[in-house]
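Let me begin by presenting the structure, written as structure tokens, before commenting on it.
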Amino acid sequence: RMSAEAPALTLAAHAVSGGTARERSAAEYFRRKQPERFGKLTAAAKMSRGRLSPEAVRALYGRRLKLSASRIDKFASCKFAYFCQYGLNARPYEPAGFTPPEIGTFMHYVLEHTARDVRDRGGFSAVSDDELHAITQRHVDGYVHEQLNDFQEKSQRFIYLFRRLGKDVFQIVSDMAAELRRSDFEPLDFELDFSKMSDIPPAELGDGDGAVTLTGIADRVDGWLHDGRLYLRVVDYKTGKKSFSLSDVWYGMGLQMLLYLFALGRDGEKLYGREIVPAGVMYVPARSVILPVSRDCGDEEAQRLRLDGVKRSGVVLDEAEVIEAWEHGEDKKYIPIRMRYGKPTPDSLMTAERLGLLSRHIRKTLTDMARQLNSGSIAADPYYRSQQENACLNCDYFDACHFSQGENGESCRFQQKIPADKVIEMMEGEDGNG
């Protein structure tokens, strides 16, 4: 890197705030050979991050801000990272391969197309396991043909890893079938795109310059028709270990499913022709589970552990009929209600009033976010919970940021994990004050 000017300049930039001996050597080279350029580099390093002008905000983001769930999460994570990704459209170098986002795309493709076919055949209860396997295989093959060009120019290692992933998807589809066979809720829509629907306009906050349009895609929307009203739940497939957390919602992250649910609650009647009742949201793991069990573990115990590993998380409307319709029977395996000391936790079972409380808190969060974006804020203010969980860990823009706690008035936002009942209490206080 020292032998070419551009990478050597990168090393020199690191040396401005210290750096290694090699970086300091590069800095010394540029100081002697290109003093004017090095002077500009040093001066730039001493500049504060500042903020965008109103003209720059409109040039980068437009007169009407478009916010998706991923953009909201990024902004809540760190404003400077949001600016780099969505303002500058900066992209990191990525090695070729079947990366986690592509794994998610494959899983979503198979789950969506399989569930759609099964729905057209009368639902999962009307389809045998052998038929389900054949439908799933057809869509796995379809993905290989359409998206991977039948493995043309793919290495043997790539093909091996994909084949192994293909085996996982059959178990995931089987779990989805077992869940829906125990439920009165049925899939109504897949990949529901709120930004392209004429029946449901995107939720908007504000007027004129600085207005916000919320966009996004819901993986699946399920419905249950009861007493003339349509109860809706939003389902999101997750290939990672993401789970629903009321603490995250308080800090402005993990709002995706709730945004879609409340948008449907407000405008869904235009789409489905029925009065809508928001029934809840659910993360569904779309990944295989490796079980840490002993060799003498029985099949029944292994199945119990496997179900624990793909446990759903989310929020369910606290009505007995909704809970039974969500999943039949006393031995409930899939409904995302968490128990503590024999009672449901307050972040998994909520009354309609508390769902309304969540809706108002999210609206306030988005209004505050729009205000900060329109004010031109690009501060480096990464959230920090621990060394293993913080915004700087694996950040694509770490090298462009040079964030240092306490410098230029910037600091981490320390976020402790807040118990669900405390979050509800704070939201009630916020609601009373607002």
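Structural remarks
- 17 Å reach of a label modelled at Asn89, 7 Å along Cα-to-Cβ, counting backbone N of the stretch 214-230: none
- Expressed as a whole percent, the accessible area of the stretch 364-406 that falls on carbon and sulfur atoms is 48 (1.4 Å probe).
- Solvent exposure of the stretch 336-415 amounts to 57 Å² per residue of accessible area, where only protein heavy atoms count and the probe is 1.4 Å.
- For the stretch 348-409 versus the stretch 102-165, the gap between their alpha-carbon centres in whole angstrom: 36
- Cross-link pairs beyond the 21 Å C-alpha cut-off, checked among Lys79/Lys311; Lys196/Lys364; Lys343/Lys364; Lys74/Lys242; Lys311/Lys343; Lys242/Lys417: Lys79/Lys311; Lys196/Lys364; Lys343/Lys364
- On the stretch 12-156, 49 percent of the accessible area sits on carbon and sulfur atoms, based on a 1.4 Å probe.
- Heavy-atom surface of the stretch 88-168, accessible at 1.4 Å and reported per residue (Å²): 65
- Pairs of alpha carbons in the stretch 38-97 separated by more than 19 Å make up 47% of all such pairs.
- Coil-residue chymotrypsin sites (Phe, Trp or Tyr not before Pro) of the stretch 310-389, DSSP, other Cβ within 10 Å capped at 14: Tyr341
- Sparsely packed GluC sites (Glu not before Pro) within the stretch 117-186, loop by DSSP, other Cβ within 10 Å at most 12: Glu153
- Gain upon complete extension [Phe151, Gln137; 0.36 nm per residue less C-alpha separation]: 3.4 nm
- Extending 7 Å from the Cα toward the beta-carbon at both Ser195 and Thr367 defines two label points whose distance is 2.5 nm.
- Inter-label distance, nm, simple model (7 Å from Cα along the C-beta direction), Lys332/Arg58: 5.2
The values are calculated or read from the model by the stated rules, or taken from the named source; none is laboratory data. As the structure is a computational prediction, the values presented were derived from the model and not from experiment. Note: ideal-geometry Cβ built from the backbone for every residue, glycine included; neighbour counts use all protein chains shown. Side chains are part of the model used for accessible areas, which takes the heavy atoms of the whole protein and leaves out ligands, DNA and RNA. Shrake-Rupley method; radii C 1.70, N 1.55, O 1.52, S 1.80 Å.
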